[in-house]
Amino acid sequence: MAAFRGASAKVFGLKDNKSALPYLLLIPGLLWLAIFFIVPIFSLGQMSTKVPGADIGEFVQEYRFSNYIDAFNSSKEQFLRSFLYGLLATIIALAIAYPLAYAIAFKSGKWKNILLVLVVAPFFVSFLLRTIAWKQILGEEGPVVSVLRTLNIISVNTSITSSAFAVVTGLAYNFLPFMTLPLYASLERIDPRTLEAAGDLYANGFTTFRKVTLPLSMPGVVAGTLLTFIPAAGDYINATILGSPSNKMLGNVIEARFFKIVDYPAAAALSFTLMAAILILITIYTKRTGTEELV
Amino acid sequence: MTNQNSNTNLHKKLAADNSIPSEIKKIISRSLTRRNVLAGVGAAGAAATLAACGGGGSADATAVRWANWTEYLDYDEDTQENPSLVAFEEQTGIKVSYKETVLDNDEFTAPLLDKLQSKKDIGYDIVTLTDWMTARWIRLGYTQKFTADKIPNRVNVLDSLKDPSFDPGREQSLPWQGIMAGFGWNKEKIPGGIKSLDQLFAPANKGKVLALSEMRDTMGIIMLYQGVNPSKPFTEDKFMNAIDFLQKKIKDGFIIGIRGNEYTQDLRSGNATAVFGWSGDMFQLAAESDGKFDFAIPDSGGMIANDNFMIPSTTTSVDAATELVNYYYDPVVAATVAAWVNYVCPVKGAQEAMEKVDPSLANSEYIFPTAKTTSRLSIFRALTAAEETSFQTAFQTAAGNA
């Protein structure tokens, strides 16, 4: 290590090698960010103010910032829907993941590792395939529809694919592990003695949960909701595969603007608007919940 | 022995048929004397190539890079090779690097635009794209003409496809396979079949109908129903009338999705029972389900689109690329490909050659539509850049994507 440090100091001609090393170690990460984040963002920003040129696929820079307003106005509906679906999916994922993470952290005993592997296991199958599988599960000949029809909850003519229900279900399912893992991490870290202390002070199970477990797991809740909401709001695969034309999200609009209509400026403007909107929402959210303890 | 007899009969029929040029007759009869189909392909192809080269052979004719759609060329599972390509390589010495890299016209073209505009090599010497994208490439000058004396088989292209508006005289594009668009349905759910849009949107099909994401196919069928011919000049109003129709059917809950190839999954799973669909897909579905599905061209007319060979302006191997294109207009080669891909074959004489390749397919309306059928199919006319943008925007808006 010392030899390496000496060598690197010699190579870079640095005197104070103690303070230089951390910066050297940052270089790969910074390069990565520069090439794959900053440069694309910059070129996307440039594209967003261009106007169509002579033929399809040609654009001229005219710094037309009203592109943003036009693009937003033409797809307000999908914009709102993205946030609504993202929010619903996050709430459903939280409702499913919290008890799951709780059980794995406190009640699973020797099964803990196996259960954790099972939570991550779906990731071994492609995102697309998992979503297509939901089409079968919720489809005409799938188990859900036949049970609901037998119980007379839905009529013979009602389908549940190609609906908002299917899209939100798909979103909640696909991002469930992103919710479960941070929750598990923060629950697992809770010192069991705090729970015993609550019991000693005559708190019942519910009060212990409300006053001790839940507040201590909040960093996991915040991290999990962020990790679920951000990709869910920007997703377009679930709406494409599980939705109907009236369930399309902003991701679908961006895709169609890029590839079908070949209107790159509008697509770029919408991408920026979506990023900005998510950033603002998240800033407010983290300000209110606090991020000091975030895992 | 029966094989021998049918061959002889076919020879007689061929000899009597004056509509087939003598050159083709020669190729077909030569192939028919071979027991092995592929040997026939080889011989016929070699003859064609020799004729094309005039014995000379060209200088830069050593390698061709071809981009095509997936599962769109004859393929041998055992050897993992494309037999027709292997035969071509053996006859000509031209190496072909075959890449199934086209999944979507736009998504294939978009990343190449920079290079096409600045005339840098795009990595392909032949591309195979759909009519409307072919029109765009030609309009923007991204293609170059075939080497005229190396493409004698051009005469074998079906008359109906010889003179499209985007490439009069077929100087820089030739049709690879044709895709018919019409109605597909589940025969168990809809025993009466579907012949018109009124039947497609019968109350019983509410919430069970899918339209195609390929704008020209879906909109063309609706326009034909409204009495507008999409292959002839029409005004923007006429197109927007058809958009209104589509939008209403989506709003009323008849159409539950606008999809690409994946509509077949919905038919299989029962989520959809009636669709705007493609002949080749419906053929496959019917074959794998004991005829549970069927396909028909609407009474008011269906659409046909072709994928086309083009030589990008950025390549230097024009002669070699032209030779490869020429090879696939040999009727026997064309029949070999058609027997595998099951799309509409654009080559004259291939139907006769099919008798030898796979007799069960020789009368398939899906591969060799009769003149009567062909007359009911329209090709969507070429659009201007402005029209393309405004039509596509309207279509995507109806689909909920804009």
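Each reported figure results from applying straightforward, stated rules to the coordinates on display, with no laboratory input. Since we're looking at a predicted model, the values are computed, not measured. Positions of Cβ are generated from backbone atoms using ideal geometry, with glycine treated the same way; all protein chains shown enter the neighbour counts.
Work out the charge dipole of chain A with +1 on the Cβ of Lys and Arg and -1 on the Cβ of Asp and Glu about the Cα centre, then indicate which of A:Ala103, A:Val147, A:Ile230 is farthest towards its positive end.
Of A:Ala103, A:Val147, A:Ile230, it is A:Ala103.
Quick one: if the Förster radius is 30 Å, what FRET efficiency do B:Asp237 and B:Glu288 give, using the C-beta to C-beta distance and rounding to 0.05?
Taking R0 as 30 Å, the efficiency between B:Asp237 and B:Glu288 is 0.10.
Which residue fluctuates the most in chain A, going by a Gaussian network model with Cα springs under 10 Å, if the choices are A:Gly45, A:Gly29, A:Gly234?
Largest GNM mean-square fluctuation: A:Gly29.
What pairs from B:Lys95/B:Lys120; B:Lys249/B:Lys372; A:Lys135/B:Lys206; A:Lys248/B:Lys208; B:Lys99/B:Lys120; B:Lys99/B:Lys119 go past 25 Å between their alpha carbons?
Numbers: B:Lys95/B:Lys120 22 Å; B:Lys249/B:Lys372 31 Å; A:Lys135/B:Lys206 19 Å; A:Lys248/B:Lys208 18 Å; B:Lys99/B:Lys120 19 Å; B:Lys99/B:Lys119 21 Å.
Long pairs (Cα-Cα over 25 Å): B:Lys249/B:Lys372.
So if R0 is 60 Å, what FRET efficiency would B:Ala148 and A:Val39 give, r being the distance between their Cβ atoms, rounded to the nearest 0.05?
Values: r = 45 Å, r/R0 = 0.76.
That pair, B:Ala148 with A:Val39, gives E of 0.85.
Please get the size of the charge dipole for region A:25-183, origin at its Cα centre, with Cβ charges of +1 on Lys and Arg and -1 on Asp and Glu, quoted in debye to the nearest 20.
Values: 10 positive and 7 negative charges, 153 e Å.
Dipole magnitude for region A:25-183 comes out near 740 debye.
When Cβ neighbours within 10 Å are restricted to other protein chains, what is their mean count per residue of peptide B:135-144?
Mean shielding by partner chains, rounded to a whole number: 1.
Given H placed 1.01 Å from N in the peptide plane, which residues other than close sequence neighbours of B:Glu81 have an amide H under 5 Å from its amide H?
Amide H neighbours of B:Glu81, under 5 Å, 5+ apart: B:Asp76.
Hey, can you grab everything whose amide H is under 5 Å from the amide H of B:Gln177? Only 5+ residues off in sequence or another chain; H modelled, so Pro and N-termini drop out.
Residues meeting the amide H criterion: B:Asp307.
Go ahead and estimate [θ] at 222 nm for the protein assembly as shown from helices alone: -39,500 (n - 2.57) per DSSP H run with n ≥ 4, summed, over the residue count, rounded to 500.
Result for the protein assembly as shown, helices only: -16000 deg cm²/dmol.
Any idea which of A:Ala277, B:Ser300, B:Ala87 is furthest toward the positive side of the dipole for the protein assembly as shown, if Lys and Arg beta-carbons carry +1 and Asp and Glu beta-carbons -1?
Value: A:Ala277.
Suppose every K and R has +1 on its Cβ and every D and E has -1 on its Cβ; what is the size of the dipole of the protein assembly as shown about the Cα centre, in Debye to the nearest 20?
Charge dipole of the protein assembly as shown: 1400 debye, to the nearest 20.
Note down the nm distance, to one decimal, between modelled labels 7 Å out along Cα→Cβ at B:Tyr98 and at A:Phe123.
For the pair B:Tyr98/A:Phe123, the computed spacing is 3.9 nm.
Work out the FRET efficiency for B:Thr384 and B:Thr316 from their Cβ-Cβ distance, taking R0 = 45 Å, and round it to the nearest 0.05. Before the final figure, lay out each step's value.
Numbers: r = 32 Å, r/R0 = 0.70.
The pair B:Thr384/B:Thr316 has a calculated efficiency of 0.90.
Which residue, A:Thr194, A:Tyr264, A:Thr158, has the largest displacement toward the positive end of the dipole of region A:68-289 when charges sit on each Cβ (Lys, Arg +1; Asp, Glu -1)?
Of the candidates, A:Thr194 comes out farthest on the positive side.
For chain A, modelled as a GNM with alpha-carbon contacts under 10 angstrom, which of A:Ile114, A:Ile35, A:Ile154 fluctuates the most?
A:Ile35
Give the long-range amide H neighbours of B:Ala63: residues separated by 5 or more places, or on another chain, with amide H under 5 Å away, using H modelled in the peptide plane at 1.01 Å from N.
Those qualifying (amide H under 5 Å, at least 5 residues apart or on another chain) are B:Lys95.
Report D for the protein assembly as shown in µm² per second (integer): Stokes-Einstein, Kirkwood Rh on Cα pairs, 25 °C, 0.890 mPa s.
For the chosen part, D equals 84 µm²/s.
Hey, quick one: spin label on A:Asn157, modelled 7 Å out along Cα-Cβ, who in region B:205-232 has an amide N within reach, i.e. under 13 Å?
B:205-208
What is the ratio of the Cα radius of gyration of region A:68-289 to 2.2 N^0.38 Å, with N the residue count, to two decimals?
Dividing the Cα radius of gyration by 2.2 N^0.38 Å gives 1.18.
Mind checking which of A:Phe79, A:Phe259, A:Phe178 has the largest fluctuation in a GNM of chain A, springs on alpha carbons under 10 Å?
With Cα springs under 10 Å in chain A, the top fluctuation among A:Phe79, A:Phe259, A:Phe178 is at A:Phe259.
How large is the dipole of chain A about the Cα centre if only Lys and Arg carry +1 and Asp and Glu carry -1, each at its Cβ, rounded to the nearest 20 debye? Could you put the intermediate results ahead of the total?
On the way: 23 positive and 17 negative charges, 132 e Å.
Result for chain A is approximately 640 debye, rounded to the nearest 20.
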